[in-house]
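**Q** Have a look at this one before I ask anything.
The values are calculated or read from the model by the stated rules, or taken from the named source; none is laboratory data. Keep in mind the model is a prediction, meaning the values are calculated, not measured. Neighbour counts run over all protein chains shown; Cβ positions are idealised from the backbone, glycine included.
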Amino acid sequence: MRQLLLALLFLAAVAPAQGLPAPDTLSNPVEEARARHLQKELRCLVCQGESLDESNASLAVDLRRLIRARIEAGDSDDAIKDFLVSRYGDFILMQPRFETHTYALWLTPFGVLILGAGIATWVVIQAKRRQQGRDRGRP
Amino acid sequence: MTGEIGELALCLSLALSLVMTASGFAGTRAEAAVARSVANGAANGLLVFVALAFGALVYASIVSDFSLLNVAQNSHTLKPLIYKISGVWGNHEGSMLLWVLVLAIYSAAIAASKRGGARLTSAALGVQGLLALAFLAFILLTSNPFVRLDPPPFEGAGLNPLLQDFGLAVHPPMLYAGYVGLSATFAYAAAALIIKERDWARAARPFMLTAWIALTLGIALGSWWAYYELGWGGFWFWDPVENASLMPWLVATALLHSALATERTGAFRSWTLLLAIASFSLSLIGTFLVRSGVLSSVHSFANDPERGVFILAMIVGAIGGALALFAWRAPSLQSGASFEPASRETALLLNNVFLAAAAATVFVGTLYPLALDALTGTKISVGPPYFAITFAPIFIALLVLVPFGPRLSWRKGDLVASFRLLAPALGIALVVAIAILAFTAPRTLFGAGAFAVAAWLIASSIVDLRARGSQALKTRALASMLAHAGLGVTLLGVAGTTLWRSEALEVLGPGETTAIAGYTLRFDGVKAVKGPNYDAARATITVLADGRTIAVMHPEKRIYPAEGQDTVETAIRTTVISDLYLALGDEREKGRWVVRAYVNPLAPLIWLGALVMALGGFAALWSHVRITRASDVAVAEPAE
């Protein structure tokens, strides 16, 4: 049993190394910072809930390389995102775009806030009117 | 035998919940004193039998009784005792049983407290009985933890190693104490609608506060766990499971504030009822999201729909039934409040507007992608950037207004006097903003703003408390002052880590060093270590500052052979004002390992703040119980 465990441990240790941009880091620090920033705005497609920046999946490693290759080739951030969206769909963007099928998503928070503020104003006006009525009712 | 005892206890519990429902509702008639004592007895009996069933499952897990399918699937003989116990609620069946156990505890507490009079208590027990009935039926029909396995396997499949952790052992019970605690508030609200009782909020307040404290601590525990266990140095990921717990918290916070106004002046009566219904509904939705598998994929839910459909039906029944009751009865309970625009009532109203908008944001952010996928097949992601643009400004705006609330009097407050009193706190906030802009990098308005708001919250709590005249007034204000200052402390932590975090990611061999935020980290190699049910690669990293050794840290990577998974065990050295956080990655070449290091300034304040908020909750609970006890003695209710 113990040998089996050790063998397992060994297997895990020599398994293909994953998930590290270190050897693929761009030498230009400004470009590297752009790559890191982009990585954080893109979702890992394999392990949901993690960004490309955090993921250990091999697809994420490939995409991190691809982002760097594109940056070196002189593409803008938006061009890189457009390319990834055309390849993998909207799902890859951590921040959904503002378009027809996301209007409701983007407008609800502030819509509720404005609606709530409207209702609150109305309630306060009513309460003020009643308060005046009470004050007048008093001798 | 254990399995049979457990199953029998569950069946008896189901019968008792039926009795509790029927007698509880029958007891709402003034003359039905017998029905009321039956309901009380049923509530106590329910607690005994559900506890027995739960105890049976815990026992089966401790003795590794693999003839139970649930134990065989989720336990292992080598697992340490604490995780054999906590593993009971680490899986679907067991966690549902825990849910019902907490429900039974709250029901017995309602029966014992008799707050709000005999008829209100009876109706509330009826509602609790109905909830227990639905959940027990759910367990027995779709999620029975006592199903036998023949022949029993020699060894169990083990528990997800990520869950074999102290934080996650206590996180679910705490969260459930909050989720299910809101059922008590919900039961009182529904009971009030049934018997047309106007003053239910005072009776429900201790339950409301208990649930809120537990939710606050439960969410903080979950976030702390994610921080030290996942190895990414983050504390909140806007993950749907996290969001599912945040939504009830936001609405319960709104409820606590709105109920205050209802209790004191009778204002916002129907709105408070609606919030009580909404907060528990969101608990149910949270349970559904986490338990039905709908989150991992809309399609996995469709493939195995039995449980999901059952919970969905319960949600629709509970929410729909409560809302119908609300629409029918609430108008008769409504009373127009009267107050000036500058008053405590207006402040509480604004608090509710912002919290409702914040909750709505989390709600759409969590459910929109699911709905869009189900309806159109379009997949989108709603990640942290979305919440940074929507939730953050709404919540920060709320925090700016917070200190004015407690300074304004009921009905007619003095805004100018409040400004004048809080001026020193405003001054401190401005000084903090300028100092942050002048002395720290990166120089951002967001950073200065966040620190200024945090300072404003903490300073104004202190200023306000000092301004309260007598000791008695100070004691009464202590609860809100602590809770509000706690928000400020948490905000300090969030802002500090977000703005100033440094990170280093290196491949290091023995003797090699890397630098991060003034520290030098020397990698001294990795050793194989054996744990009770795992094998670990344990790194030794020496931390140097100015050439002197200040700490030796041991981040680990563990492999759990039984479960075939590995986990990251971070090493964190905290000074309360800053965390040095190390995680060990994979081995790159022979003897050279990936090391991830973060320095997270102010990070511990995130959870310290939550603790301060919870203390505020305890202070409120304590003073409420004391005050009601005093007034109960003054106006003793006539005996039945």
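**Q** Scan the stretch B:511-521 and give yes if some residue there is polar (S, T, N, Q) and touching an Asp or Glu at 6+ places or on another chain (Cβ under 8 Å), otherwise no.
**A** Let us first name the residues in the stretch B:511-521 that are polar (S, T, N, Q), namely B:513-514, B:520.
So of that shortlist, the ones also touching an Asp or Glu at 6+ places or on another chain (Cβ under 8 Å) come out as B:514.
Checking the stretch B:511-521: at least one residue is polar (S, T, N, Q) and touching an Asp or Glu at 6+ places or on another chain (Cβ under 8 Å).
**Q** While we're on this one: Within the stretch A:55-65, is even one residue surrounded by 14 or more Cβ atoms within 10 Å (Cβ to Cβ), at the interface with another protein chain (Cβ under 9 Å from one of its Cβ atoms) and modelled with pLDDT under 85?
**A** Yes.
**Q** Applying the selection to the stretch B:365-390, what residues are assigned to a helix (DSSP H, G or I), facing another protein chain (nearest Cβ under 7 Å) and in contact (Cβ under 8 Å) with a residue 12 or more places away in the chain?
**A** Listed by number, the residues that qualify are B:Tyr368, B:Pro384, B:Tyr386, B:Thr390.
The rows are residues; the columns are (1) within 14 Å of another protein chain (Cβ to nearest Cβ); (2) in a loop (DSSP other than H, G, I, E, B); (3) touching a residue at least 12 places away in the same chain (Cβ under 8 Å).
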position	(1), (2), (3)
B:Glu563	yes, yes, yes
B:Thr567	yes, no, yes
B:Ile572	no, no, yes
B:Asp579	no, no, yes
B:Leu582	no, no, yes
B:Trp593	yes, no, yes
B:Arg596	yes, no, yes
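**Q** Here's another thing I want to ask about it. If I filter the stretch B:78-86 for residues that are aromatic (Phe, Trp, Tyr), part of a helix (DSSP H, G or I) and touching a residue at least 60 places away in the same chain (Cβ under 8 Å), do I get at least one hit? Reasoning before the result, please.
**A** Step one: of the stretch B:78-86, the residues aromatic (Phe, Trp, Tyr) are B:83.
Those still in the list that are part of a helix (DSSP H, G or I) too: B:83.
Now narrow it down to the ones that are touching a residue at least 60 places away in the same chain (Cβ under 8 Å): B:83.
Yes, the stretch B:78-86 contains a residue that is aromatic (Phe, Trp, Tyr), part of a helix (DSSP H, G or I) and touching a residue at least 60 places away in the same chain (Cβ under 8 Å).
**Q** Would you check which residues across the stretch A:83-103 are facing chain B (nearest Cβ under 7 Å) and surrounded by fewer than 15 Cβ atoms within 10 Å (Cβ to Cβ) and list them?
**A** Across the stretch A:83-103, the qualifying residue is only A:Gly89.
**Q** Collect the residues in the stretch B:442-471 that are over 31 Å from the mean Cα position of the chain (by Cα) and small (Gly, Ala, Ser), keeping them in residue-number order.
**A** Hits for the stretch B:442-471 are B:Ala467, B:Gly469, B:Ser470.
**Q** Criterion first (surrounded by 13 or more Cβ atoms within 10 Å (Cβ to Cβ) and either more than 12 Å from chain B (Cβ to nearest Cβ) or free of Cβ contacts under 8 Å to residues at least 60 places away in the same chain (or both)) does A:Phe110 satisfy it?
**A** Here the answer is yes, as A:Phe110 does meet what is asked.
**Q** Let me confirm something: among B:Leu159, B:Leu120, which residue is in contact (Cβ under 8 Å) with a residue 24 or more places away in the chain and either touching a strand residue (DSSP E or B) at 6+ places or on another chain (Cβ under 7 Å) or not in a loop (DSSP other than H, G, I, E, B) (or both)?
**A** B:Leu120
**Q** Related question: Counting only residues that are within 14 Å of another protein chain (Cβ to nearest Cβ), without any contact (Cβ under 8 Å) to a residue 24 or more places away in the chain and over 37 Å from the mean Cα position of the chain (by Cα), how many does the stretch B:516-545 have?
**A** Here the count works out to 2.
**Q** Let me ask something else. Got a number for residues in the stretch B:113-153 being over 22 Å from B:Val102 (Cβ atoms) and modelled with pLDDT of 85 or more? Give the steps one after another, and end with the answer.
**A** Narrowing the stretch B:113-153 to residues over 22 Å from B:Val102 (Cβ atoms): B:117-119, B:147-153.
Of the ones still in play, those that are also modelled with pLDDT of 85 or more are B:117-119, B:147-149, B:151-153.
Number of matching residues: 9.
**Q** Which one of B:Arg476, B:Arg443 is at pLDDT below 90, under 19 Å from B:Leu499 (Cβ atoms) and of a type outside the set (A, V, I, L, M)?
**A** Just a single option satisfies the conditions, and that option is B:Arg443.
**Q** If I go through the stretch A:66-82 residue by residue, how many of them are more than 25 Å from B:Thr376 (Cβ to Cβ) and buried (at least 18 other Cβ atoms within 10 Å of the Cβ)?
**A** The number of residues fulfilling the criteria is 5.
**Q** Specify the residue that is farthest from the other protein chains (Cβ to nearest Cβ); the eligible residues are those in the stretch B:341-364 that are assigned to a helix (DSSP H, G or I) and hydroxyl-bearing (Ser, Thr, Tyr).
**A** B:Thr346
The rows are residues; the columns are (1) surrounded by fewer than 24 Cβ atoms within 10 Å (Cβ to Cβ); (2) at pLDDT below 95; (3) under 14 Å from B:Gln334 (Cα atoms).
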residue: B:Asn243; (1), (2), (3): yes, yes, no
residue: B:Leu255; (1), (2), (3): no, no, no
residue: B:Ala267; (1), (2), (3): no, yes, yes
residue: B:Ser270; (1), (2), (3): yes, yes, yes
residue: B:Ser279; (1), (2), (3): no, no, no
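**Q** Scan the stretch B:472-515 for residues that are under 23 Å from the mean Cα position of the chain (by Cα) and within 14 Å of chain A (Cβ to nearest Cβ) and report the count.
**A** Residues meeting the conditions: 1.
**Q** On to the next question. Specify which of the listed residues (B:Leu12, B:Leu57, B:Leu8, B:Leu46) is part of a helix (DSSP H, G or I), farther than 19 Å from B:Tyr188 by Cβ and in contact (Cβ under 8 Å) with a residue 60 or more places away in the chain.
**A** From the options B:Leu12, B:Leu57, B:Leu8, B:Leu46, the qualifying one is B:Leu57.
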